[in-house]
Amino acid sequence: MSWDAVILRIRGPIRPAKEVAESEYLSLGSPESVAAAIRSVFPSAEWDGPTHAHGSLDEYTGITFDLGQCQGYSCVRVSVSGSRDPIPWLLALANANNWVVLDIQNGDFIDPANPSRRGWLGYRSLVQGIGRGESADG
């Protein structure tokens, strides 16, 4: 089980994802430049090829990056397993490159000026509940 996000680039300012037209999604850059950007924030990430990397935020939290296409434009799919909040690192990566982070759990962009952790906290609550033997459906 993981918390998932997608790194994208959009035309214009950050706003609710439902307000971004398909034509407003832009390329992140070349695979090489995207990988270099990831390396600048996550230097210890290990690359399993030109489009897949994995690393850790601490000894209990793993993170993976998959560079690819999302409906015709480039994106980075991110999966995090563990307890360390990845949002500050992902926002550092996104802000440095004029990208945005889409929280898959709640379906909206994470605003760097006022970052919501609702999706991340929902994931952590679910994981902690399962760890206590609670079922995933309550």
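The values are calculated or read from the model by the stated rules, or taken from the named source; none is laboratory data. The structure displayed is predicted, hence computed values, not measured ones. Here the Cβ positions follow ideal geometry from the backbone for every residue, glycine too, while neighbour counts run over all protein chains shown.
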Check your understanding: Taking the range 1-23 only, how many residues are part of a helix (DSSP H, G or I) and exposed (fewer than 14 other Cβ atoms within 10 Å of the Cβ)?
Key -> 4
Review point. Do you know which residues across the range 1-60 are within 21 Å of ALA96 (Cβ to Cβ) and among the basic types (Lys, Arg)?
Key: ARG9, ARG11, ARG15, ARG39
**Study point:** Filter pass, SER40 being touching a Leu at 6+ places or on another chain (Cβ under 9 Å), over 24 Å from ARG118 (Cα atoms) and loosely packed, with under 14 Cβ neighbours inside 10 Å
**Key:** yes
**Study point:** Selected residue [at pLDDT below 95, loosely packed, with under 15 Cβ neighbours inside 10 Å, among the hydroxyl-bearing types (Ser, Thr, Tyr) and in contact with a Ser or Thr (Cβ under 9 Å, 6 or more places away or on another chain)] from SER83, SER135, SER125, SER74
**Key:** SER83
